[in-house]
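**Student:** Here it is, the structure in full.
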Amino acid sequence: MNITVKEIASLVKGTIFGDENTAITNLAKIEEAEKGDLTFLYIGHYLKYFKTTQASAILVKSDFNRDRTDITYIVVDDPNKAFFKIIRTYLEPEFPLSGIDNTAYVHPDAKIGSNVALGKNVVISKGCIIGNNVKIFHNTVLLENVEIGDDSLIFQNVSIREDCKVGKRAIIHPGAVIGSDGFGFEPDAEGVFHKIPQVGNVILEDDIELGANVCIDRASLGSTILRQGVKLDNLVQIAHNVTVGDNTVISSQTGISGSAHIGKNCMIAGQVGIVGHIDIADKVILIAQSGVSKGISKPGTYFGAPAKEFRHAMKLEAHIRNLPEYAEKISTLEKEIEELKKLINKA
Amino acid sequence: MNITVKEIASLVKGTIFGDENTAITNLAKIEEAEKGDLTFLYIGHYLKYFKTTQASAILVKSDFNRDRTDITYIVVDDPNKAFFKIIRTYLEPEFPLSGIDNTAYVHPDAKIGSNVALGKNVVISKGCIIGNNVKIFHNTVLLENVEIGDDSLIFQNVSIREDCKVGKRAIIHPGAVIGSDGFGFEPDAEGVFHKIPQVGNVILEDDIELGANVCIDRASLGSTILRQGVKLDNLVQIAHNVTVGDNTVISSQTGISGSAHIGKNCMIAGQVGIVGHIDIADKVILIAQSGVSKGISKPGTYFGAPAKEFRHAMKLEAHIRNLPEYAEKISTLEKEIEELKKLINKA
Amino acid sequence: MNITVKEIASLVKGTIFGDENTAITNLAKIEEAEKGDLTFLYIGHYLKYFKTTQASAILVKSDFNRDRTDITYIVVDDPNKAFFKIIRTYLEPEFPLSGIDNTAYVHPDAKIGSNVALGKNVVISKGCIIGNNVKIFHNTVLLENVEIGDDSLIFQNVSIREDCKVGKRAIIHPGAVIGSDGFGFEPDAEGVFHKIPQVGNVILEDDIELGANVCIDRASLGSTILRQGVKLDNLVQIAHNVTVGDNTVISSQTGISGSAHIGKNCMIAGQVGIVGHIDIADKVILIAQSGVSKGISKPGTYFGAPAKEFRHAMKLEAHIRNLPEYAEKISTLEKEIEELKKLINKA
């Protein structure tokens, strides 16, 4: 990029303090920014880098202490939002994949939309329906009857099994697996487990993003469903017959067990575990590493294993930190009572 | 499917209450069932859906309150078992992969059994031995001297490294990795880690199922072994030189560290961690997110981190929930003792 | 291998007690060793197998009780170190991949070093630079402008996205994903999440090893960096803009959140979670399943969720185990105080 502060301020409706002709050649984090870079303060934690940053310009709020004179300020209501808009405008990545590679395989009974790009060794099986403007990178495999909505982007080495449906504008990162069998077995009297065929599928609605090596199992019957706008980070596990409500985001390495129903607009942090056959309400926030063993019926923030209402969990954690003190107090009380007993017996 | 309740009742030896000619076109979960569907009650939790289910027929026990007259009942001893039998009979999936694709590579020194199907871009390296009726899906790679037993099903994008052995009737889901190097390093005086070559292999006995993106490391020396009938859910990690006993099932995202020996018929829930170089007895049940830091010599249920006998862990958890009350009691006791001291000193 | 104890003792500078002509045909763990094998005691836990091991020779320290006369001893200062040297000398695996397979794709604008091996269906995109003596196994995909340093070994089904850099002597196991998008979204007023383009890359310095199905996200801006000598076990998650210092090792299923900075020479056990935007000092040891929610500024061992200094965490854990006793003591104290009150009121 090669633009001026003036152009950027115009894009984000900001007010310039300093030289409006300052040239901007890149965007950078404040601690790494160099001459020519535009930066911003993502969170307060990074304010310490303001004194020394080499950035040529910075997005700030109106109440920011603009005490350096060797940097150009662009004052906006929300520097984060403004910065993300600039990234989207100037740095949105383009993926130079186009056309159907001659090593890609498309079954004659598959339907391919217009302007579709298929990379090397891609496999599109019988009955698949691929929407318009879809890009599927190298070595990704779609088994029979998979549907991919318009404008979706599927990276390399992704596996989608038969009958699964992916909505529009999906982004699926490398190594993700969609539609593997649910973990369903029936033990016999000898403790040998017999597979229960998993004959459902997976439905991903529109605007889904799946991280690298995510696993989403097909339903035993019916569908495992991610509703519109769900985002999953890397290595998340979604078991059979789970449903995840609209716009819920789930961080890395979290696992959701079979037939759990997660509400809308939830934020689930990393390494959380949720047991099967329970309901989680809308707008529930789960702190990292929480273990949810019962349904949650009220919006709010929860923490711990087993998960508790956040403030309550923090209170218990404080009590645990106080345990050495409590133990000492109990011991002191025991001595004092002994003393009192002696005194009284003497009296 | 297009069958009658009569045919189903005959298959599962059930007694019909209602119209034996009721047509069944599909199987469905009770909360999703529509006209033409047969359903069942998987667990009591779903009884609430009985009043409103649109299913045409339902599998129930003899003591079930058959108060709806617009649904046909099939009474059996074990509705779950009966339902799974029906799924297996009518819906068992068939995978339409057959023959050896012309983009698959088979080394001239590999041996391929009869009726083997190899998908697109499959790689079968030198010295591999593939049993009869094996299906290996697209883009799966077997390095040198891998053996796959009869009737095994290996999905796409699976990686099996040299010298590993897979038994009969294995099911291996997409993205699974078998035989990656164990995590073994030797630090020098400067803290630099030097790799210890991992020269063992992995042996999977018969009737193993591995979930998507499972990782099983090869042994440093000897073999990492999963015994007959072991089932691993998605994203499970098995480190070098682990052995897992017959018919043990391990849920998603659990990790077992190097040289741990897990007994037979264990049930290990999700996100459990087990340290290395310990023995776990047969028939041990580990609750989700448990952390096992010592060997377990007795069958039973264990929970927590560090893992404790289940009832004991639940008792401690109850005590933790009581901590605010204990703290208050201690504070009350302190005041009362001060009062008593004053009284006695006065006397 | 087919060597004598004499040759081995010469390699590791050991002293032989027993027959120096004992033939050694293999190396084995003490509990599995058979005639012809050389073994060692990895940790004390395995001493119990010494009485019955079938090994022909064993590496021991000078103070070892050499009471069996049917086995040849090689006395060395450090039996582990000696054993690893022998493994490296005699069993170092060689991977028989050579040349550029005719199904591999190399973009005409990519640069390939000398003595490079590319397996079947490998994809090397425009602008890639591959060093000398690199081996890349089947079905691995490198997008545009990826650089791989000399002598690196990349197994099958690995995904490396555009602009990522891998140093010299890297070992990357199957299914690893390098350069997937960081998990960055901006919520709007309706709770819909909008993707923040992730326009940075990943830099892996020299001597890195990545386990199977590891995920390393590209930076939102700048680089996610693993410094020289970092080793990651299977299924580890590294989020955007993380840096990991030299020679830090991280065990399986651990996750590090965005913009966390991990020091040098740290040892992070399995299933640990580390929140974003914090700093961890050098030489920090984190016990398995720890949850790190704040920066750690001092070297040392930490444990628990939230993570605490190890001895303190162990002390709290002991107090938790004592809770039933504390509760009983409180109850006893309450009764005794009631008794005292009565006595005093009587008096």
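The values are calculated or read from the model by the stated rules, or taken from the named source; none is laboratory data. Being a predicted model, the structure only gives us computed values, none of them experimental. Virtual Cβ from ideal backbone geometry, glycine too; neighbours counted across all protein chains shown.
**Student:** Which residue out of B:Leu47, B:Leu11 is farther than 23 Å from A:Asn201 by Cβ, within 14 Å of chain A (Cβ to nearest Cβ) and not in a strand (DSSP E or B)?
**Tutor:** B:Leu47
**Student:** From the list C:Ser114, C:Ser125, which residue is closer than 23 Å to B:Val141 by Cβ and either modelled with pLDDT of 95 or more or charged (D, E, K, R) (or both)?
**Tutor:** C:Ser125
**Student:** Looking at B:Asp109, B:Asp63, B:Asp77, B:Asp67, can you tell me which residue is part of a loop (DSSP other than H, G, I, E, B), touching a residue at least 12 places away in the same chain (Cβ under 8 Å) and closer than 30 Å to A:Ala219 by Cβ?
**Tutor:** Selected residue: B:Asp77, the only one of B:Asp109, B:Asp63, B:Asp77, B:Asp67 that is part of a loop (DSSP other than H, G, I, E, B), touching a residue at least 12 places away in the same chain (Cβ under 8 Å) and closer than 30 Å to A:Ala219 by Cβ.
**Student:** Then there's this: Here are A:Asn241, A:Asn234: which of them is over 14 Å from the mean Cα position of the chain (by Cα), buried (at least 24 other Cβ atoms within 10 Å of the Cβ) and part of a loop (DSSP other than H, G, I, E, B)?
**Tutor:** None of the other options fit; the residue is A:Asn241.
**Student:** Are any residues in the stretch B:141-163 under 22 Å from the mean Cα position of the chain (by Cα), closer than 22 Å to A:Gly175 by Cα and in a loop (DSSP other than H, G, I, E, B), and if so, which ones?
**Tutor:** Matches in the stretch B:141-163: B:Phe155, B:Gln156, B:Asn157, B:Val158.
**Student:** Touching a residue at least 24 places away in the same chain (Cβ under 8 Å), closer than 30 Å to A:Ile124 by Cα and not β-branched (Val, Ile, Thr): does that describe B:Phe17?
**Tutor:** Judged against the criteria, B:Phe17 is not a match.
**Student:** Moving on. Whether any residue in the stretch B:299-313 is surrounded by fewer than 20 Cβ atoms within 10 Å (Cβ to Cβ), within 7 Å of another protein chain (Cβ to nearest Cβ) and among the charged types (D, E, K, R) is what I want to check.
**Tutor:** For the stretch B:299-313, residues surrounded by fewer than 20 Cβ atoms within 10 Å (Cβ to Cβ), within 7 Å of another protein chain (Cβ to nearest Cβ) and among the charged types (D, E, K, R): absent.
**Student:** While we're on this one: State the number of residues belonging to the stretch A:288-319 that are of a type in the set (Asp, Glu) and under 30 Å from C:Glu339 (Cβ atoms).
**Tutor:** Summing the residues that are of a type in the set (Asp, Glu) and under 30 Å from C:Glu339 (Cβ atoms) in the stretch A:288-319 gives 0.
**Student:** Return the residues of the stretch B:295-309 that are assigned to a loop (DSSP other than H, G, I, E, B) and within 20 Å of B:Gln253 (Cα to Cα); say none if nothing qualifies.
**Tutor:** Selection gives B:Gly304, B:Ala305, B:Pro306, B:Ala307.
**Student:** Right, here's the next one. Restricting attention to the stretch C:57-73, and to residues there that are among the polar types (S, T, N, Q) and in contact with a strand residue (DSSP E or B) (Cβ under 6 Å, 6 or more places away or on another chain), which single residue is surrounded by the fewest Cβ atoms within 10 Å (Cβ to Cβ)? Explain how you work it out, then say what you get.
**Tutor:** Restricting attention to the stretch C:57-73, the residues satisfying the condition of being among the polar types (S, T, N, Q) are C:62, C:65, C:69, C:72.
Next, from what is left, pick out any that are in contact with a strand residue (DSSP E or B) (Cβ under 6 Å, 6 or more places away or on another chain): C:62, C:72.
Numbers: C:Ser62: 10, C:Thr72: 25.
Out of the qualifying residues, it is C:Ser62.
**Student:** Does C:Glu186 qualify as being more than 14 Å from chain B (Cβ to nearest Cβ), closer than 28 Å to A:Gly273 by Cβ and free of Cβ contacts under 8 Å to residues at least 40 places away in the same chain?
**Tutor:** yes
**Student:** With more than 10 Å from chain A (Cβ to nearest Cβ) and within 30 Å of A:Leu343 (Cβ to Cβ) as the only criterion, which of C:Asn322, C:Asn345 stands out?
**Tutor:** It is C:Asn345.
**Student:** Would you pick out the residues in the stretch A:244-267 that are surrounded by fewer than 24 Cβ atoms within 10 Å (Cβ to Cβ) and within 10 Å of the chain's Cα centre (by Cα)?
**Tutor:** If the condition is that a residue be surrounded by fewer than 24 Cβ atoms within 10 Å (Cβ to Cβ) and within 10 Å of the chain's Cα centre (by Cα), then A:Val249, A:Met267 are the ones that fit.
Every residue, every condition in (1) under 26 Å from B:Gly179 (Cα atoms); (2) more than 14 Å from chain B (Cβ to nearest Cβ), yes or no:
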residue	(1), (2)
C:Glu205	yes, no
C:Val214	yes, no
C:Gly229	yes, no
C:Leu235	yes, no
C:Ile238	yes, yes
C:Thr248	yes, no
C:Lys264	no, no
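**Student:** Among (1) at pLDDT 95 or above; (2) touching a helix residue (DSSP H, G or I) at 6+ places or on another chain (Cβ under 6 Å), which single condition is B:Pro299 missing?
**Tutor:** (2)
**Student:** Look at B:Ile330 and say whether it is of a type outside the set (Phe, Trp, Tyr) and modelled with pLDDT of 95 or more.
**Tutor:** No: the conditions fail for B:Ile330.
**Student:** Please tell me if B:Ala55 is assigned to a loop (DSSP other than H, G, I, E, B) and among the small types (Gly, Ala, Ser).
**Tutor:** yes
**Student:** When the residues of the stretch A:162-183 are narrowed to those that are facing another protein chain (nearest Cβ under 7 Å) and touching a strand residue (DSSP E or B) at 6+ places or on another chain (Cβ under 6 Å), which ends up surrounded by the most Cβ atoms within 10 Å (Cβ to Cβ)?
**Tutor:** A:Gly175
**Student:** Return the residues of the stretch B:112-140 that are in a loop (DSSP other than H, G, I, E, B) and more than 14 Å from chain C (Cβ to nearest Cβ); say none if nothing qualifies.
**Tutor:** Across the stretch B:112-140, the qualifying residues are B:Gly113, B:Ser114, B:Asn115, B:Val116, B:Gly131, B:Asn132, B:Asn133, B:Val134.
**Student:** Applying the selection to the stretch C:277-291, what residues are in a loop (DSSP other than H, G, I, E, B), surrounded by 21 or more Cβ atoms within 10 Å (Cβ to Cβ) and not polar (S, T, N, Q)? Don't jump to the end; show me each part of the working.
**Tutor:** First pass over the stretch C:277-291, keeping only residues in a loop (DSSP other than H, G, I, E, B): C:277-278, C:281-283, C:287-290.
Retained after the next criterion (residues that are surrounded by 21 or more Cβ atoms within 10 Å (Cβ to Cβ)): C:287-290.
Once the filter is applied, which keeps residues that are in a loop (DSSP other than H, G, I, E, B), surrounded by 21 or more Cβ atoms within 10 Å (Cβ to Cβ) and not polar (S, T, N, Q), the stretch C:277-291 yields C:Ile287, C:Ala288.
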